[in-house]
1. How many angstrom lie between the Cα centre of the stretch 26-49 and the Cα centre of the stretch 52-129?
2. In terms of modelled amide H atoms, which long-range or inter-chain residues lie less than 5 Å from the amide H of residue 45?
3. Between residue 36 and residue 122, what is the label-point separation in nm under the 7 Å Cα-to-beta-carbon projection?
4. Calculate the FRET efficiency for residue 140 and residue 104 from the Cβ-Cβ distance with a Förster distance of 30 Å, rounded to the nearest 0.05.
5. So how far apart, in nm, are the two label points at residue 25 and residue 60 if each is 7 Å from Cα heading toward Cβ?
6. Can you give the extra length, in nm with one decimal, that the chain gains between residue 18 and residue 84 once fully stretched, where that is 0.36 nm per residue apart less the Cα-Cα distance?
7. For residue 168, put the label point 7 Å out on the Cα→Cβ axis and report which residues of the stretch 72-89 keep their amide N under 19 Å from it.
Amino acid sequence: MSEWPRDSHHAAAYVTPAGADWLASASACPRSVHALWAQRPSVPVTLPCGTAFDVVSMDALFGRRVVSRLWTDGPGSGPVATLRGRVMLFAAPGAARRLGALLAWEEWTASAPPLLCYSWGDAVTVPPPYPEETPAAEGRWLVAPDVRRPWLPGPEALLWACVRAARAASQLLDRTAVTSTPAVFPG
């Protein structure tokens, strides 16, 4: 699989001050978030979803496939992070809640690994603006927020990417299918 994102402009590993402002804007107390990060810039923080962003969390392999689809075949992505072995795709407010319904309606929920969709009333832990470069680091940004109003995919773009990633995974499994039926060779 090719490395993504292809455009180095969107491959920020660290959150810019404008990106930190955007992340902090999700909090009821943005100043407190900034104060914490000023003292400890390598500490993750928990932020509410539903106002500045939603988050769709996927297992690492499927998440990389979805983000790859967004970058190679579609509009790209907004911020993307990894945390505890999962890919966290930041989406437009309301998109996460709608994505689950769209996947069920399109009958793709059985083909895609379980998605954790965080929206209004939920909160997520986000990686710090400047993560430590150690193996024990909690998480890191794959595409860090770098502007005050990043483009965030909506439910249709996410559905499109999830369906194509699930379809590609399904085709890969079909090509490498293993059967338990013994081979019979004529004598």
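1. 22
2. Under 5 Å from the amide H of residue 45: 126.
3. Label at residue 122, label at residue 36, 1.9 nm between them.
4. Calculated transfer efficiency: 0.45.
5. 3.2
6. Working: separation 66, 0.36 × 66 = 23.76 nm, distance 2.56 nm.
Contour length minus the Cα-Cα distance gives 21.2 nm.
7. 72-82, 86-89, by backbone N distance to the label point.
Each value in this text was obtained by applying a stated rule to the coordinates, not by laboratory testing. Just so you know, these numbers come straight off a predicted model, no measurement behind them. Every residue, glycine among them, receives a Cβ derived from its backbone with ideal geometry; neighbour counts consider all protein chains shown.
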